[in-house]
Each structure stands twice: as structure tokens, then as C-alpha cells.
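The block underneath contains the structure these notes are about, expressed in C-alpha cells.
Just so it is clear, none of the values below were taken in a lab; they were calculated from the coordinates. Just so we're clear, the structure is a prediction, and the values are computed from it rather than from any experiment. Here the Cβ positions follow ideal geometry from the backbone for every residue, glycine too, while neighbour counts run over all protein chains shown.
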Amino acid sequence: MPIVCLGALSLSGCAASHTPPAPSAPAPSAQPAASTTVAASGPSPAPTAPARPALSPAAASYADTARRIREASLNSNGAFEKLSYLTDRIGARLSGSAALEQAVVWAKDTLLADGHEQVVAEPVRVPHWVRGSQAATLLAPITREILVLTLGGSVATPAGGVTAELLVVSSFDELEARKAEARGKIVLFDHAMSKQGNAGTAYGEAIAYRVTGAARAAPLGAVAVLVRSLTTRSLGAPHTGSMRLLEGKAKNIPAASVSVEDAELLHRLASRGDRLKIHLTLRPQTLPDADSANVVGEIRGRELPNEVVLIGAHLDSWDVGQGAQDDGAGVVTVMQALSTLRQLGLTPRRTLRAILFTNEENGRRGAAEYVRAHQQELAQHVAAFEMDSGSGSPLGFMTDGEQPFLAEAREYAPLLEPIGAGTLIAGHAGEDVTALKPAGVPLFGVLSDLEHYFDVHHSAADTLDKVDPEHLKQAVAALATFSFIVADRPGDWRAPTPGVHSEPRRESPGAPPASL
Ligand SMILES: [Zn+2]
């Protein structure tokens, strides 16, 4: 999951005019639809059943293909089997770890075994930060262990730790108002992630405390920072994530997350007038950059093989839990979507390229390196998809902000409705594919039900047992269907830029006209 932005967080920031589906939207049925034709089940249609919109000619031309993809996806446990290996046999995969490189080898071998073309591990140098030991003890007014998770990228305390009074604030405004009290203290940011509205939006509103809390408190003379975990449902686990360091010669201070429960306990004690004292030891290390790789594999296009539609997710994860939802679910959905199309013998007009990015969590170097290494080819990237918002049931897709092609893209939504994924809204496509935005590539992100995502996100609880295999099947169906259509349809949704495209656009006789 992203450093400063996650899937749906930008639903408010990037697309204020659109209301995302309620996070508690019911999961779609896992039942495969036998046909895209809906037959009335009784003598008269149920009065509450919404009428399915008629298919446009463009969508109708893909109805049979969509049905085949859906049935194959919903009948295969391949994605969950892949995820079981990635999580139980490889496990957490932070950049620089041996496990991430095992995952690179596994992904490449699996793409080859599934029969894909152009399977390559493309080298990327990645940051290598290791957690080391971490511990906190409340010394006054009571003695109590406090569970902490060092934030990714944090500097260390001295070997013997620091002992300091605690200053508890709820916001940056409160820190500003009490900045004279911060010198020599450990600052706790107890800012609660909102339980109202869309979970991604709430995450986006609260993330600044994790990312910039230490950078704000350090110039005030604070000696360390603790941050309330970004979740609304907590069972005592702290949640980690990236933080931003001050540049140049500015002094950085160590930072860690605490559980919601401990943040509230510390806040209650402070509110009663108690002076709180904490001993904190965080011993992370930043080592020299390490070798890693993006893994790619393709179905070469049948007519325009030099034009590319990307489907991507990130192979790395945080170093706690198993990286099952963030972003193991995305990785195996991408891999299985490509394999499902290959098994069905469906070769789109353009090349469909799976990419498993390295180092999304603490650097996004994989995405940056893909853009650098493929610079000459970017003008021929017709679209890029990303899945990085957990394993909740897939509700549809987000475009990167309001896009002129959104209305036309919605014509295909009825083909995704049998799996409950017919929502197409403006939002945020994903952190990795955003690197392709300057090249004008239309971006799409899988829109997942986020209701339970932040319960486990970046914590020890992000494990395989939280993943519903049926949701994975639905996600495979949604991604395989829509990415196939985008790679196959005669037109594309890039903004028309004369002279940019290396091959003339071609239209199939009798095919629906392209809009651009
Ligand atoms: Zn992620």
C-alpha cells in the first residue's frame, strides 16, 4: 500500500463530485452467471429488480467473451493457490529482503510455467531498511509495556533508548499551539482515522500524521514521535508504514506507531493531568541499496503487438504479517488474469503485459525504473491497470481523476455487473501506475470493497486467512475481462496527440467505431 496515497483515498481529493460506493456495500454473488442474457425467473419480473441497461454495440461484441472469462475465472482457484505459496512459503517481502528476491524468482518461474511470453525480471536497485529491535515501556504514572512498530525509514534511537516525558496531541494545530512544550519530549499524535464515509478517504485524511509527524516535531526539539495506527477497528496491533525524513542537515528523530488502544490509554492518562514518562528503543538500520527486480510477462497482441496494456500490482510488502492483502492479492489477481486469458486462447489485438512492481511501499523505485527503462515505448502504452487495495470484493474500476473516456468506458460496465464489478468512477488508479501519468497513459485501478482492508493493512494481521478465495476469483474475472476489452477494442483512450503513436490506428471492418 502506498506511501501517501492509496487506491480509494483520492476518491475525495481527485473526484470530489463522485460519491464512491459505500464501503459496506454487500459482496456480489459468487455465482457464475450462465449467460449475459437475463431471463425472468418467474411469471413476472420481481418489482424491485433493477433493469439491466441494454448493451451498446461495442459492449455487445464482447458479451460472449466476457461470459467465457467470467465462467473460467469463477471456476478456478488458481489465484488463491498462488497467494497461498506467496504468503505461506515466502511471506513478508520488504525491499532488500531475501524473501522479496524469492518472490521475484517465484513470480518469474510462475509466469513462465503458465506459458507467457517475454517473461523477464528487470533489475531495480531498491532501498534496504531493516527494522531491528523495537520496544517501549511506560514508566509513569504506571509501568506497562507499549507495543510499537517502527515506521519505515525511521532513524534509530541511541542503543540504550531514550527516556522522556510524553506530549499527547490530537492534531498538528494542537502541536502548534503547544510547541513550547515539545522540547525534549516524545510526541504522540493521537489522531483518529474517521469511521465515517469511505475508508480510503479517511485513510488519506489521517496519513499525514504518520508520514510527516516526525518531520513536524523534530524542529520543535522533540526527541521521538509515536503515531496512532491508521485503522478504525483495532485488536491491539500497531500498523506500520512509511514516513518522510527531513532533507539535508536537518536532524531527524525516530518514529513508531502504537495501537489504537495504547494511543487512547496514553491520551486518557494525559487528559487526567498525569505526567507520562516513556522509555523508547528503536534500532532500525538503513543499509546500502539492494538488488531487486520488476517481473513482467505478456500475451503478445495479435494485430498491434507493439501497443501495450499493462496490468500491475506490487510484489513487495511491509515486513510484518504476510503481505496477503497488500499487495499479494493484487499480484496473484494480475497473474491469474493473464493466465485465464491464455488458457481460454484469448489473444487481444494489443499486447497485454503483466507487471509485478518491486518497492512500492518504501520508495516506488520499481515504477520509476519501469518508466525509465521503457521510455521509448511509453507512447505505445494504451492503458495501465493497477490492483492495490486489498482483497475485498471487487466493485469495479477507478480512472485517474475525471477522464473524457469515462463515459465510454462505462458502456462496458454491464459486462462486469454479473460479478458485482460494474462501477466505474473517477478516483485514484494506484501508486505505481501513476508513474505513467506524465506520458498520458490512461490509468485504471481495481476498486475493491475497503470495509475490512484497514483492519489488517500494514500490520501483523495481514495474513492469508483474511482473504476470501471467492473475492479473488471475482477480481480475476473483473480484471481479465476489462483489461482484455481495453487491449482488444479497436480504439483507445489516449488523448489524441498527432505524431506520438508509432503505428497508424487501424480499425477492424465492421467493428464499432473508436471514439478517439
Ligand atoms: Zn500496496
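Here the range 399-446 yields Rg over Rh of 1.00, to two decimals, using C-alpha coordinates and the Kirkwood radius. Percent of Cα pairs in the range 142-255 per distance bin of 5 Å, from zero to the largest separation: 2, 12, 21, 25, 20, 13, 5, 2, 0.
Starting from the coordinates of the alpha-carbon atoms of the range 169-326, obtain the Kirkwood hydrodynamic radius over all distinct pairs and give the value in Å to one decimal. Walk me through the numbers on the way to the answer.
Working: mean 1/r = 0.0543 Å⁻¹.
The answer is 18.4 Å.
The modelled label-to-label distance between residue 285 and residue 245, using points 7 Å beyond Cα along the C-beta direction, is 1.5 nm.
Counting Lys and Arg as +1 and Asp and Glu as -1, each charge on the Cβ, what is the dipole of the chain about the Cα centre in debye, to the nearest 20?
Values: 45 positive and 55 negative charges, 154 e Å.
Value, rounded to 20: 740 debye.
For the range 132-283, what relative contact order do you get, as a whole percent, if you take Cα pairs closer than 8 Å and at least 6 residues apart?
On the way: 347 pairs, mean separation 59.4, N = 152.
Normalised by residue count, the contact order of the range 132-283 is 39 percent.
Counting charges near residue 383 (Lys, Arg +1; Asp, Glu -1) among other residues having Cβ under 13 Å from its Cβ returns a value of 0. Translational diffusion of the range 250-402 was estimated from the Stokes-Einstein equation, with Rh taken as the Kirkwood radius over Cα pairs; at 10 °C and 1.306 mPa s the coefficient is 84 µm²/s.
Scalar couplings 3J(HN,Hα) for the range 242-253, obtained by applying the Karplus form with A = 6.51, B = -1.76, C = 1.60 to θ = phi - 60°, are 7, 9, 9, 9, 6, 8, x, 8, 4, 7, 9, 10 Hz; x denotes Gly and Pro. Simple rule: put +1 on each Lys or Arg Cβ and -1 on each Asp or Glu Cβ in the range 246-314, find the dipole, and look at 288, 278, 252; the Cα lying farthest toward the positive end is 278. Counting only residues at least eight positions apart within a chain, or on another chain, the lysines with an alpha carbon under 19 Å from that of residue 473 are 82.
Each Lys and Arg contributes +1 and each Asp and Glu -1, all at the Cβ; summed about the Cα centre of the range 357-435, the dipole is approximately 80 debye. So, in the range 132-283, how many Lys pairs have Cα atoms under 22 Å apart, if the pair is 8 or more places apart or on different chains? Summing the qualifying lysine pairs gives 6.
By average Cβ neighbour count within 10 Å, what is the ranking of 374-382, 318-326, 276-284 from highest down? Each step should come with its number before you reach the end.
Values: 374-382: 17.0, 318-326: 27.2, 276-284: 21.1.
Ranked from most to least packed, the peptides come out as 318-326, 276-284, 374-382.
In whole angstrom, note down how far apart the Cα centers of the range 313-372 and the range 244-301 are. A separation of 26 Å, based on Cα centres.
Mean separation of Cα pairs under 8 Å and 6+ residues apart, divided by the residue count of the chain: what relative contact order is that in percent?
Values: 1252 pairs, mean separation 121.0, N = 516.
Across the chain, relative contact order equals 23 percent.
Protection proxy ranking for 92-101, 253-262, using the average of other Cβ atoms within 10 Å per residue and placing the highest first: 253-262, 92-101.
Which order, highest average first, do 438-444, 150-156 follow once you tally other Cβ atoms within 10 Å for each residue and take the mean per peptide? Please list the in-between numbers first.
Working: 438-444: 20.6, 150-156: 23.4.
Top to bottom by mean Cβ count within 10 Å: 150-156, 438-444.
Computed log10 I(q)/I(0) for the chain at 0.06, 0.12, 0.13 Å⁻¹: -0.29, -1.04, -1.18, from the Debye equation with unit scatterers placed on every C-alpha and solvent omitted. For residue 54 and residue 208, what does the FRET efficiency come to when R0 = 51 Å and r is the distance between their Cβ atoms, rounded to the nearest 0.05? E(calc), rounded to 0.05, equals 0.65. For the range 224-229, putting each phi into the Karplus relation 6.51 cos²θ - 1.76 cosθ + 1.60 with θ = phi - 60° gives couplings of 6, 10, 10, 10, 4, 4 Hz, in residue order, rounded to whole numbers and with x for Gly and Pro.
Residue by residue, the range 288-303 carries 3J(HN,Hα) couplings of x, 3, 10, 7, 8, 6, 7, 10, 10, x, 9, 10, 5, x, 7, 10 Hz when phi is fed to the Karplus relation 6.51 cos²θ - 1.76 cosθ + 1.60 (θ = phi - 60°); x denotes Gly or Pro.
Taking 7 Å steps out from each Cα toward its Cβ at residue 63 and residue 180 produces label points 7.4 nm apart. With the charge dipole of the range 132-283 set up from +1 on Lys and Arg Cβ and -1 on Asp and Glu Cβ about the Cα centre, the Cα lying farthest toward the positive end among the listed residues 163, 269, 143 is that of 163.
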